[in-house]
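The values are calculated or read from the model by the stated rules, or taken from the named source; none is laboratory data. All values derive from a computational prediction rather than experimental measurement. For neighbour counting, all protein chains shown are included, and Cβ atoms are generated from backbone atoms with ideal geometry for every residue, glycine included. Accessible surface is based on the protein model in full, side chains and every heavy atom, while ligands, DNA and RNA are left aside. Shrake-Rupley method; radii C 1.70, N 1.55, O 1.52, S 1.80 Å.
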Amino acid sequence: MAALVYLIPAALLLGGFGLVCFLWALRTRQFEDLDGAAWRALHDDHDDRLKDGRD
Amino acid sequence: MTLQAPIDDAGLDAGCCTFGSLVAPAARSVAAGADPRAYAVVGADGIARLDAVVETLDCPSCVPSIEGTLARLEGVLGARVNAGQRRIHLEWDPARVDVERIVAVLGDLGHRIAPYDAARLGGREVDEVGQGLLRALAVAGFAFANVMLVSVAVWAGLAQDMGPGTRAFLHWVSALIAMPAIVYAGRPFFRSALGALRAGTSNMDVPIAIGVSLATAMSLFETTRNGEHVYFDAALGLLFFLLIGRFLDRSLRGRAFAAAQNLLALRAVSALVIGADGNTEVRAIEAVRPGDRVAVATGETVPVDGHVVAGRSEVDASLVTGESLPQAVAPGDLVHAGTVNLAAPIEVETAAAGSQTLLAEIAAMMDRAGQAKARYVRLADRISRVYAPVIHALALAAFAGWMTLGGADWRASLMIAVAVLIVTCPCALGLAVPAVQVGAVGRLLKRGAYVKSGDALERLARIDTVVFDKTGTLTLGRPRLDGIDGGAGDALALAATLARRSTHPLSRAIAAAAGDGAAAEGVHEEPGLGLEAVIGGERVRLGRGDWVGGAAPAAAHAGTEIWLRRGEAPAVRFRFVDAPRPDAAEVVATLKERGLRVILLSGDRRPVVDALADQLGIAEREGECLPSGKIAVLQRLAAEGRRVAMVGDGLNDAPALAAAFVSLSPSTAADVSQTAADVVFRGDALAPVLECWEVARKADALVRQNVTLALGYNLIAVPLAIAGLVTPLIAAIVMSASSLAVTGNALRVQRGR
């Protein structure tokens, strides 16, 4: 059972990493326009510079 | 751009019809939106900004093509399209590029924009409540998964040989993960429950909040006492499933909210105000004052209520009055905002105070009429009113029963009460309704109908009467050539050579009937009278009978007519009808077949109304209805206990739309009507009305099934819980199984007819 001492923190850490990633994506407004992001990705002349279009 | 063609060919367009395109065509046909110059804001940093609705955002290649093209334009600092909401945010340096140049570039790409005032509409704010729910959902999901991981070990340990020390350790791990997560993710429910209790009422969140906090507190107590059973996983599972339902419900509302804002933006119109010195200035409509002279070009929408002071023209008032014929206006005549100037430029002097405009009157009438709708109680709320007290009573009875009759100690009794609260908690109920409604709304969206709210679907499923408006609803609202009386075979061809030079609806109808061909040179348009040209040395006139002269008396005709006369020959009559929507007769017949009562209410003249009603087989009809008359009819029907769906498009229908039990409106309708309507559908067909009703009924049936399913689970689980047989393992299985069953059943709304 001693393995629990590091297995549980490991599970929590991995899950927590996923959670933090999700919250970060939410905060950076990546869930605001799901359609647009999908469409943009399909074009090879897509320009990342435009992302600072919003203030 | 190399990828674009194959993508478009692959038919990706099919999947990108979001709600915005359903609302947009109104603006396309009525107004092109306000002048961007009136809405661009130059900040302190010298950068100009503009927010606008892009009505034409229909294809996957639109977003990159707009952003890419604008980025290459000198002086443009930023262009960001939000495809979901159909909006664009522009930033540019006014010293280097002009907003009109940007609009022109967008125009070349085939996009027109309707600017709006972001500050007034709060347009670019994020939906804070929705984001909060999503954050809570993420936290609950994370904690639920991890606690479940530990719980499975504990359950396995109970069946095998886990020592009490290990179990206590695992319980403490669960507690440490669960406690903060429950406090965080439970806030939406705790807040709502507290609010309800303070107001002296109860809602569905009260048993949820009590259940969750009791379960958590008891589990913590059991953990400290090294007890066998803890309910941390159940409490988190409850929150997780309920938050999914809550989030679905919210996203439905968020969509409706964004679409309503887009409608407001499309309504914002700018006016070309003529100053005292003769100079013109573009102003947002809010900045136009009574007494201002406003110039209205041919084909434009009149922006204000007022009197014509210069110019003669014809206006299309069909959206305002339901009258299908264009009206001649001359200096002194009153024109209303929302009418379209057809023939020649006019100048309008803005009439007195804003509260006296027709629009304001209509708005006041709508407020009074809309109260019936506000009284409607959603199915979920009706259930919870009965459900919540029953749960409380059961849990209390279980506690008291075990304490007194069962001979258990308070700890065991309380654990049993907690189990009752947990298994009865309305997880499945909270998911049952939103899951079906999100599915149904999504399905209708693909078919070209945009449903603004979930409870609109509930109301639509319960109608027994359908009231139609005529012009623009049962008909297409544009004239079609019906027949030609007299003249030789070339009359149509001759008329068309003149008509191709004009944008008047009747001219367009003639040109459409004649097909492609040449247009005459030197055509002169006499506002309110007709067209004139000299062809082959002879004067040719196409227009009103008394103006062209030589009109022979002819049989009366219900619709519009104009006359063509070449030289001194007898005049030829062209008859027009406002053609019904192609499938109108079929839809009306189907509705009647299904046992619905169909009524036609119109502001148009009686003979026209009768002719159409006979053609479509509608027995109950009423013509020359004022807006107040339409409301009166609806109120009479409501008093008879009928639940009425009103389908209408005009400004004159707006109060009736608000008064009806549920209302639908085509996307060509007046903005106010679209705002008042519960459902907006697009296209020339009337079939979406039928489809909406059918999907609503199907959704209603599924919701009822789901509720039955959820209650059925309780019927089995509650006796078990009261008998003290529900362990955390059983609670987890029951809860997950019922939620999955309900969600799976809800998905069926997407399928079949």
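Of note:
Results for (1) over 30 Å from B:Gly623 (Cα atoms); (2) assigned to a helix (DSSP H, G or I); (3) modelled with pLDDT under 85, shown as yes or no for each residue.
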site	(1), (2), (3)
B:Leu429	yes, yes, yes
B:Ala432	yes, yes, yes
B:Gln437	yes, yes, no
B:Arg462	no, no, no
B:Asp482	no, no, yes
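- Among the residues of segment B:499-535, just one is open to solvent by 60 Å² or more (accessible area, probe 1.4 Å) and among the polar types (S, T, N, Q), namely B:Thr503.
- Tally, over segment A:1-43, of residues that are polar (S, T, N, Q) and either surrounded by 14 or more Cβ atoms within 10 Å (Cβ to Cβ) or in a helix (DSSP H, G or I) (or both): 0
- Among the residues examined, B:Arg37 does not qualify as at pLDDT 70 or above, in contact with an Asp or Glu (Cβ under 6 Å, 6 or more places away or on another chain) and either farther than 23 Å from B:Asp684 by Cβ or surrounded by fewer than 18 Cβ atoms within 10 Å (Cβ to Cβ) (or both).
- Some residue of segment B:392-407 being modelled with pLDDT under 85 and either in a loop (DSSP other than H, G, I, E, B) or within 17 Å of B:Gly245 (Cα to Cα) (or both): yes
- Residue in segment B:257-273 that is modelled with pLDDT of 80 or more and either within 27 Å of B:Ser502 (Cβ to Cβ) or not in a helix (DSSP H, G or I) (or both) present: yes
- Residue within segment B:660-673 that is among the small types (Gly, Ala, Ser) and open to solvent by 20 Å² or more (accessible area, probe 1.4 Å) present: no
- Qualifying position, being of a type in the set (Gly, Ala, Ser) and under 21 Å from the mean Cα position of the chain (by Cα), among B:Ala440, B:Ala432: B:Ala440
- Members of segment B:213-254 found to be small (Gly, Ala, Ser), open to solvent by less than 10 Å² (accessible area, probe 1.4 Å) and within 13 Å of B:Cys425 (Cβ to Cβ), listed by number: B:Ala215, B:Ala234, B:Ala235, B:Gly237, B:Gly245
- First in segment B:319-333 and polar (S, T, N, Q), second anywhere and in a loop (DSSP other than H, G, I, E, B) and at pLDDT 70 or above, Cβ under 6 Å, 6 or more apart: B:Thr321/B:Gly603; B:Ser324/B:Asp604; B:Gln327/B:Ala317
- Top-ranked residue in segment A:1-37 [being over 18 Å from the mean Cα position of the chain (by Cα) and either closer than 26 Å to B:Ser251 by Cα or at pLDDT below 80 (or both); ranked as nearest to the other protein chains (Cβ to nearest Cβ)]: A:Met1
- Given (1) buried (at least 17 other Cβ atoms within 10 Å of the Cβ); (2) at the interface with chain A (Cβ under 10 Å from one of its Cβ atoms), number of the condition B:Phe144 does not satisfy: (2)
- Of all the criteria given as (1) at pLDDT 80 or above; (2) surrounded by fewer than 22 Cβ atoms within 10 Å (Cβ to Cβ), the one not satisfied by B:Gly299 is (1).
- Tally of residues being open to solvent by 20 Å² or more (accessible area, probe 1.4 Å) and of a type in the set (Gly, Ala, Ser) across segment B:683-713: 5
- Residues in segment B:147-175 that are charged (D, E, K, R) and either surrounded by fewer than 17 Cβ atoms within 10 Å (Cβ to Cβ) or under 18 Å from B:Gly237 (Cα atoms) (or both): B:Asp161 alone.
Okay, residues lined up against (1) modelled with pLDDT under 90; (2) more than 36 Å from the chain's Cα centre (by Cα):
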{"site": "B:Asp161", "(1), (2)": "yes, yes"}
{"site": "B:Ile177", "(1), (2)": "no, yes"}
{"site": "B:Pro180", "(1), (2)": "no, yes"}
{"site": "B:Phe190", "(1), (2)": "no, no"}
{"site": "B:Gly211", "(1), (2)": "yes, yes"}
{"site": "B:Phe221", "(1), (2)": "no, yes"}
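- Test: residue in segment B:20-33 that is modelled with pLDDT of 50 or more, touching a Leu at 6+ places or on another chain (Cβ under 8 Å) and either facing another protein chain (nearest Cβ under 8 Å) or open to solvent by 10 Å² or more (accessible area, probe 1.4 Å) (or both): yes
- Number of the condition not met by B:Ala417 [criteria: (1) open to solvent by less than 10 Å² (accessible area, probe 1.4 Å); (2) under 37 Å from the mean Cα position of the chain (by Cα)]: (2)
- Unmet requirement for A:Asp52, which otherwise passes all of (1) open to solvent by 70 Å² or more (accessible area, probe 1.4 Å); (2) more than 7 Å from chain B (Cβ to nearest Cβ); (3) part of a helix (DSSP H, G or I); (4) modelled with pLDDT under 85: (2)
- Among (1) open to solvent by 20 Å² or more (accessible area, probe 1.4 Å); (2) within 30 Å of B:Ala660 (Cβ to Cβ); (3) not in a strand (DSSP E or B); (4) not acidic (Asp, Glu), the one test that B:Thr471 misses: (1)
- Residue in segment B:177-197 that is buried (at least 16 other Cβ atoms within 10 Å of the Cβ), more than 14 Å from every other protein chain (Cβ to nearest Cβ) and of a type in the set (S, T, N, Q) present: yes
- Residues of segment B:547-564 classified as closer than 21 Å to B:Arg312 by Cβ and modelled with pLDDT of 80 or more, total: 5
- Subset of segment B:488-505 (residues that are modelled with pLDDT under 80 and over 12 Å from B:Leu542 (Cβ atoms)): B:Ala488, B:Gly489, B:Thr503, B:Pro505
- Residue in segment B:581-600 that is open to solvent by 50 Å² or more (accessible area, probe 1.4 Å), assigned to a strand (DSSP E or B) and either without any contact (Cβ under 8 Å) to a residue 40 or more places away in the chain or not aliphatic (A, V, I, L, M) (or both) present: yes
- Pick from segment B:64-87, criterion modelled with pLDDT of 80 or more and of a type in the set (A, V, I, L, M), ranking: surrounded by the fewest Cβ atoms within 10 Å (Cβ to Cβ): B:Leu73
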